[in-house]
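In what follows, a structure is listed as structure tokens, so that the remarks can point back to it.
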Amino acid sequence: MIEIRSVTKRFGSFTAVNDVSLDIAEGEFLTLLGPSGCGKTTLLRMLSGFETPTSGTLRIDGEEVTHLAPYRRNVNQVFQSYALFPHLTVADNIAFGLRMQKVPAPEITRRVDEVVELVALTGFASRRPHELSGGQRQRVALARAIVPRPKVLLLDEPLSALDAKLRQQMQLELKRLQKHLGMTFVFVTHDQEEALTMSDRIAVFNQGRLEQLGSASAIYHQPRTAFVADFIGEANLLTAEAIARSGTMTRLRVEGGLELEIPTDRWPAGGSKVVISLRPEKILVSKRPLEAEAIFTARVTDELFQGALDRLHLQTESGTRLTALVANESALREAIHAGDAVWCGVHADDIAVVGPA
Amino acid sequence: MHALADTAPAHGGRRAGVVAWLLLAPLALWLLLFVVVPMAGLVVYSFCQRDDLGRVVYDFSWENYARVFDPIYLKILGRSIGYAALTTVICIVIGYPVAWYIARQRSPLRERLLLLVMIPFWTSFLIRTYAWIAILKSEGLLNGLLQFSGVVTAPLSLLYTPTAVVIGLVYAYLPFMILPIYGSAEKLDNALVEAAHDLGAGPIRAFSHVIIPLTWPGIAAGIMLVFVPAIGMFAITDLMGGAQVPLIGNVIQNQFFRARNAPFGAALGVVFTLLFILTYALAHRRRRATTA
Amino acid sequence: MIPLPGSRVITLLLAVLGLALAPLRAANKEINLFAWSEYFPQSVLEGFSKETGIRINYETFASGEEMLAKMLAGGTAYDLVQPPDYIAEALIKNRLLVPLDYTKLPGVKNILPEYLNMAHDPEQRYTLPYMVSTVGIVVNTERVKEPITGLVDLFSPRYAGRIVVVDDARELVTAALYVLGYPLNEINAKNLAEARPLLAQWMKRIKLYDSDSPKTALLNGDVDLGYVWGGEAARLWAENPKFAYVIPKEGAHQFVDVMAIPQGAKNIEAAHRFLEYLLRPEVSKAISDEFPYTNPNGAARQLLTPEQRANPASYPPGDRKFGTFRHLGETGAMIDELITDLKNAR
């Protein structure tokens, strides 16, 4: 549906988007994720036509749109600020795109009514934007963007202005809507949880570059760069060096002294030192010996109660410092406290090599 | 999404307290002293007569009003409205792009450009008008330039023509059009323009369907600030138009200082003011009707 | 739009304030002078103050009518006013002037007899002539080669769009009455009806009206002919003798600007001292140096250079017919309406 080929965008000496290539499939919910200033919004604005790439090409539905004006593209955008027309009623806001397309009036009425019902705004059609709540405005913006039936819907942090509860509800609603319409959604956010919840695939951006593209699970479980590992979820990022190789497994010595084994095929070609990522919740912790591919003992230096989870700061016997997240024990089970000596376990599959040191 | 049907913010009625009235008192006094009292004086004068020397005689009469509706003065009023309307239209056509351009600039440049718009106010209106005379006169700057560059062979007759009057009026009132439109344009969120483009509106329809309606308060304020004073203007017609075509401002000024007929001048002024209050009220009512 | 009533309130307030402060001021230590703009050299005012210690507050107006309107509005208590003759006549008729004390004005002997006991003040009780002028034709002889001798030549179709005329309804009507052969003060419906078609023709040919500075358009080259105040013409001639001054053969309006003391003046004594000072030949000459109108002071004329006396606009040849304006009552409005209507018809 969308082909992005070697797209670069510079503003003066600043490179906002740096040589990005990306394909987005029809009906896909793709999220552009990254911190502010990473280039995700600029890429979205190039898709909508508000910015023109410095180099590279963009195709939407087989048609080259690199230099096509926004009003000639079959895409619509939901703006971060919603950008509702304050002088028009809800119905007129929604009908705007259809009027621009010179759709006959009866059809406009029918389609507007339809979408108003779809986004649960029945009864609000004759109000003006300033008479609506934030959530209602958000839905008007959504309705206005989908009613012209664009090939692609672009969403620029559409939920960022909503409070946490409403945002969670809207995430589900949006996902459901996207499935219902079968429309391609390109969604920009800096909120990794939002990205993980909603997306078919996530494209992680950092400093203008596409760091990693993959399903939510792939991005989470197999981060390919330290940035991705750190930005999505939480990670123990540790430098490690190979000390022995035995067939399919390679033995690593992690900073501080802990030794672990990973499958050899994950070891990058060349280089002797790497950075590995180990998710805190993947570290098994117990007061008794446990089963895992790698087992070591450690001392709990700190314990932070976080409701559902307990955050443990560990120091292994060899001196390596790690953070672990464990399910909060009920009173029935034995609790782990600061100062305790514990057994820890790690599975080789949970260790990701995220780059050379 | 049905779960999200939250309510719109409520609009509560407010009541002004004593403090609010106290705060309003200086304004009320100001209005009383500089609007109500002079207007009342004008109304009283307009029903009076003048004596041999031009002194106002408090002798009630409708005569002045009967004279106001003489075709002579109606024609002058019509012409004044025509000139003011033309001035207003030209001010919009020139002022809108200028205001829009300034509003779209980044901060330091924007303030500097605004300053350029306001700089003419630092000199007296008369001096600026004389500067235009120096430019437009037959041995003036413009003719010199045109003749030097070979565009014309004989000097053009520019000064003391209706064109000169319109140039003078547009020049005098252009900032009053630019500034309010700038005020509206500056507040206009660029995302709205982008949203219009995004929904398929090309530059022209984005302008007519979104930009114009949203900057309309500025345009309307500009029209009020240009059109109304332009009708009453007399100095420019005298200085740049050679006092040839009388506008209503000239006639009123003439009644007070030359013909020494203050009551008739007052009657002209009252009718003129009423006409504007009426036009404004009608326009306002229509606006409220369309927004409701 | 109309500043007058508002300013009246303010002047009223100021007057009340002035009245309250009045006793604090020593009498006859200052003079409130209300006079034409550009009519008193600064050196003359300063010279008087230096000599007598009396301060002069010089307030100006741009037309006799404006003077009358402001004087009657009763803001400042003026000590000396400078009306044109016909306004002075109206003021005298309405008993608004204080008779002069000639025992304090021995210099009156310097005034030439033809400028005394004129129609506006036949007994010479209330006014002293300041300067005299005519209204006549200025010709830029570089651009206009044909001889111009009268109003009919001036307003010929040949010069359409090349004429400046003072923006004064009565002067225009007077010109027409001269051409028609009527006395210039016979303003009535019949005469005006006759003047109307003539004026309608003339006014189509006038490029601009300017009372304040009609010389400007002539100097700028925007027009080649003018029907202007003699003083303006005199200054044009002094600047460049190509600007010839012609007293129309049909006759010309001559006006005298006079000095008078209005009723309500607070510093009558000081006002007399200033009048006597103005009558001095050397002071009067200094005024002529800067403002080359016709000086009615014979002793002062003796002091002028031959060049100054040769200025045809200041001292036109004496074989022309002059007339002065008399005060018009209600008929003034007819003139105003006629000219407004004709301007409007263009």
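The values are calculated or read from the model by the stated rules, or taken from the named source; none is laboratory data. Fair warning: this is a prediction, and the values are worked out from it, not measured in the lab. Using ideal geometry, Cβ is built from the backbone for each residue, glycine included, and neighbour counts are taken over all protein chains shown. Ligands, DNA and RNA are stripped out before the accessible areas are found, and what is left, the full protein with its side chains, is counted by its heavy atoms. Shrake-Rupley method; radii C 1.70, N 1.55, O 1.52, S 1.80 Å.
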Filtering the stretch B:55-77 for residues that are closer than 16 Å to residue B:251 by Cβ and touching an Asp or Glu at 6+ places or on another chain (Cβ under 7 Å) leaves a count of 1
Near pairs, Cβ below 8 angstrom, 6+ apart or cross-chain, from the stretch A:119-142 (not assigned by TED's automatic domain parsing to the domain that holds residue A:172) to any residue that is open to solvent by less than 10 Å² (accessible area, probe 1.4 Å): none
Can you give me the number of residues within the stretch C:99-142 that are farther than 20 Å from residue C:39 by Cβ and among the hydroxyl-bearing types (Ser, Thr, Tyr)? 3
Report the residue count in the stretch C:25-38 for those that are surrounded by 18 or more Cβ atoms within 10 Å (Cβ to Cβ) and either among the hydroxyl-bearing types (Ser, Thr, Tyr) or in contact with a Lys or Arg (Cβ under 7 Å, 6 or more places away or on another chain) (or both). 1
When you scan the stretch A:52-62, do you find a residue that is of a type in the set (D, E, K, R) and without any contact (Cβ under 8 Å) to a residue 24 or more places away in the chain, even just one? no
Residue A:168 being among the polar types (S, T, N, Q) and surrounded by 20 or more Cβ atoms within 10 Å (Cβ to Cβ): no
Identify, by number, the condition in (1) free of Cβ contacts under 8 Å to residues at least 60 places away in the same chain; (2) buried (at least 21 other Cβ atoms within 10 Å of the Cβ); (3) small (Gly, Ala, Ser) that residue C:193 doesn't meet. (2)
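So how many residues does the stretch C:87-106 have that are outside any loop (DSSP other than H, G, I, E, B) and surrounded by fewer than 20 Cβ atoms within 10 Å (Cβ to Cβ)? Can you show your working first?
First pass over the stretch C:87-106, keeping only residues outside any loop (DSSP other than H, G, I, E, B): C:87-93, C:97-98, C:102-104, C:106.
Next, only the ones that are surrounded by fewer than 20 Cβ atoms within 10 Å (Cβ to Cβ) stay: C:93, C:98, C:102-104, C:106.
Residues meeting the conditions: 6.
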Out of C:266, C:207, C:215, sole residue that is more than 14 Å from chain B (Cβ to nearest Cβ), basic (Lys, Arg) and on the phi < 0 side of the Ramachandran plot: C:266
Report yes if some residue within the stretch B:126-134 is open to solvent by less than 70 Å² (accessible area, probe 1.4 Å), free of Cβ contacts under 8 Å to residues at least 60 places away in the same chain, farther than 28 Å from residue C:339 by Cα and among the basic types (Lys, Arg); otherwise report no. yes
Open to solvent by 20 Å² or more (accessible area, probe 1.4 Å), touching a residue at least 24 places away in the same chain (Cβ under 8 Å) and not in a helix (DSSP H, G or I), is that true of residue C:227? no
With respect to residue C:200, is the statement that it is in the same structural domain as residue C:306 (by TED's automatic domain parsing) and farther than 15 Å from residue C:139 by Cβ true? no
Sole exception among (1) within 22 Å of residue A:240 (Cα to Cα); (2) buried (at least 19 other Cβ atoms within 10 Å of the Cβ) for residue A:315, by number: (2)
Residues satisfying the stated conditions in the stretch C:97-140, i.e. closer than 23 Å to residue C:253 by Cβ and of a type in the set (S, T, N, Q): C:117, C:124, C:127, C:133, C:134, C:140
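Mind checking which residues of the stretch B:168-199 are away from chain A (no Cβ under 14 Å) and closer than 13 Å to residue B:104 by Cβ?
Of the stretch B:168-199, the ones away from chain A (no Cβ under 14 Å) are B:168-183, B:185-186.
Within the stretch B:168-199, B:181, B:182, B:185, B:186 qualify.
Test of understanding: among A:69, A:83, which residue is facing chain B (nearest Cβ under 8 Å) and surrounded by fewer than 15 Cβ atoms within 10 Å (Cβ to Cβ)?
Working: A:83 fails: surrounded by fewer than 15 Cβ atoms within 10 Å (Cβ to Cβ).
It is A:69.
Given the criterion over 22 Å from residue B:89 (Cβ atoms), within 14 Å of chain C (Cβ to nearest Cβ) and touching a residue at least 60 places away in the same chain (Cβ under 8 Å), identify the matching residue among B:243, B:230, B:267, B:235.
On the way: B:243 fails: touching a residue at least 60 places away in the same chain (Cβ under 8 Å); B:230 fails: over 22 Å from residue B:89 (Cβ atoms); B:235 fails: over 22 Å from residue B:89 (Cβ atoms).
Result of the check over B:243, B:230, B:267, B:235: B:267.
Being over 30 Å from residue C:259 (Cβ atoms) and part of a helix (DSSP H, G or I) narrows it down to one of C:190, C:207, so name that one.
C:190
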Sort out for me the helices (runs of 4 or more DSSP H) sitting completely within the stretch C:240-346 that have 2 or more residues that are touching a residue at least 40 places away in the same chain (Cβ under 8 Å), open to solvent by 50 Å² or more (accessible area, probe 1.4 Å) and not β-branched (Val, Ile, Thr). C:268-279, C:281-290
Picking from A:298, A:269, A:308, A:294, which residue would you name as being open to solvent by less than 60 Å² (accessible area, probe 1.4 Å) and modelled with pLDDT under 90? A:294
From the option list A:93, A:76, single residue qualifying as part of a helix (DSSP H, G or I), open to solvent by less than 50 Å² (accessible area, probe 1.4 Å), modelled with pLDDT of 95 or more and facing another protein chain (nearest Cβ under 10 Å) is A:93
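Answer yes or no as to whether residue C:144 is part of a strand (DSSP E or B) and either in contact (Cβ under 8 Å) with a residue 60 or more places away in the chain or open to solvent by 10 Å² or more (accessible area, probe 1.4 Å) (or both).
No: the conditions fail for residue C:144.
Return yes or no: is residue B:154 free of Cβ contacts under 8 Å to residues at least 60 places away in the same chain, within 14 Å of another protein chain (Cβ to nearest Cβ) and surrounded by fewer than 16 Cβ atoms within 10 Å (Cβ to Cβ)?
Yes, satisfied.
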Scanning the stretch A:218-277 residue by residue, those closer than 23 Å to residue A:31 by Cβ, part of a loop (DSSP other than H, G, I, E, B) and not small (Gly, Ala, Ser) turn out to be A:222, A:223, A:224, A:225, A:232, A:234
